């Protein structure tokens, strides 16, 4: 079974939206692990029907290398992003993981992604599933 890890922080809104859509499209054919940079984000992603969840730097460092796919906003690989919730060790663990990473071009940081279209989150998630995730699962 494919193991997909959704990582988010702050209030977990992006991760929650991703998980809900994944569950609607793939159901229980994959295992979805919610990793939050804080307890609120993890709780919200678990409410969205993630199979399991954990919180914090150590949980992300231990789990990221074991996943097949990691999904989240681009800020999960930027040290000190999300108001400091993404520690350098979190960013490194995600970046170094052998998992295939699908990063959404959404950031509240002072980072622009040249060439990335400015489209709403639901459309980004639909495209992510149809274009990128479909070939991995």
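The values are calculated or read from the model by the stated rules, or taken from the named source; none is laboratory data. Being a predicted model, the structure only gives us computed values, none of them experimental. Ideal geometry is used to build each Cβ from the backbone, glycine not excepted, and the neighbour counts take in all protein chains shown.
All conditions in (1) part of a loop (DSSP other than H, G, I, E, B); (2) buried (at least 17 other Cβ atoms within 10 Å of the Cβ); (3) modelled with pLDDT of 95 or more hold for residue 79, with the sole exception of (2). Looking across 50, 41, one residue alone is part of a helix (DSSP H, G or I), closer than 19 Å to residue 10 by Cβ and touching a residue at least 12 places away in the same chain (Cβ under 8 Å). It is 41.
Looking only at residues in the stretch 19-38 that are in contact (Cβ under 8 Å) with a residue 40 or more places away in the chain and in contact with a helix residue (DSSP H, G or I) (Cβ under 6 Å, 6 or more places away or on another chain), the one that is nearest to residue 88 (Cα to Cα) is 21.
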